[in-house]
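Colleague: Mind having a look at this structure? Questions to follow.
Nothing in this text is a laboratory measurement; each read-out follows from the coordinates by a stated rule. Every value quoted in this text rests on a predicted model; they were computed, and no experiment measured them. Note that each Cβ is placed from the backbone with ideal geometry, even for glycine, and that neighbours are counted across all protein chains shown.
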Amino acid sequence: MNFKNKKLLIYRIAVFTVCVFTLFGMDFFNIGEAGFKTYSGGAGLPEMQFGCDPDRLYYIIGRLGNEGRLFYLRSLLYDFIFIAGFALTQAELMKIFIGKGLNGKWRYTVSLSYLRGFFDIMENILIITILTHYPTRLYLLAELACLSTTLKFITLALWVMAALIAVVMNMLMKKDKDSIY
């Protein structure tokens, strides 16, 4: 293994480690969904619901109380670390799935991970803005936050489909290549 490959492997391991530790850290430090539910009376995180709507978002934010809104704000700030780690992990996984066999337009599928991360970041920024201006109701921002949530899940689904197709196509290409010899 040459220096460039070792460096890439170390980078990929570091990115994956940040993603995993951040995800488990949210539960360990109780700043994830479990902690949120203690303040919301059992309601889940709004940004983890595909069918998000502004009225429901404000209903949940209202149920949090002052302490819960502060908790939610802190957890959204921590979430930025996870977003970066997850987007980079997705991108690196897609590069692995694409492999050397697929090239050209398949390289654009890597951008799905960054696009998902972009929508996740927009969602967080909008919800943070809504939280800091609460009880003022900023319906346009709430609509945009819910739209960002929906687009985040759509790009994630597209990424999963593209990853599965890339894996299958690479397997078929390898099988064809092996059958030639």
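Colleague: For the stretch 54-181, what does the equivalent ellipsoid look like in terms of its semi-axes, each the square root of 5 times an eigenvalue of the Cα gyration tensor, given largest first in whole Å? Spell out each step's value before the answer.
Modeller: On the way: eigenvalues 330, 33, 21 Å².
Value: 41, 13, 10 Å, ordered largest first.
Colleague: Take Phe29 and Leu70, extend 7 Å from each Cα along the Cα→Cβ direction, and tell me the distance between the two endpoints in nm.
Modeller: So the two model labels end up 1.6 nm from each other.
Colleague: P(r) for the stretch 4-101: what percent of alpha-carbon pairs falls in each 5 Å bin, starting at zero?
Modeller: With 5 Å bins starting at 0, P(r) equals 2, 12, 18, 19, 14, 11, 9, 7, 5, 3, 1.
Colleague: Given the stretch 113-168, what whole percent of its Cα pairs are spread farther than 13 Å? Present the calculation step by step, with values, prior to reporting the outcome.
Modeller: Working: 936 of 1540 pairs.
Counting every Cα pair in the stretch 113-168, those more than 13 Å apart make up 61 percent.
Colleague: Where does helix 54-98 land angle-wise versus the long Cα axis of the chain, in degrees 0 to 90, nearest 10?
Modeller: So the inclination is approximately 10 degrees.
Colleague: Now a separate question. If each DSSP helix of 4+ residues adds -39,500 (n - 2.57) and the sum is divided by the residues in the chain, what number results at 222 nm, nearest 500 deg cm²/dmol?
Modeller: Value at 222 nm, helices only, nearest 500: -28500 deg cm²/dmol.
Colleague: Beyond 22 Å between alpha-carbons counts as too far, so tell me which of Lys4/Lys174; Lys4/Lys95; Lys152/Lys174; Lys7/Lys105 fall in that bin. It would help to have the intermediate numbers written out before the result.
Modeller: Numbers: Lys4/Lys174 25 Å; Lys4/Lys95 16 Å; Lys152/Lys174 33 Å; Lys7/Lys105 26 Å.
Among Lys4/Lys174; Lys4/Lys95; Lys152/Lys174; Lys7/Lys105, the Cα-Cα distance tops 22 Å for Lys4/Lys174; Lys152/Lys174; Lys7/Lys105.
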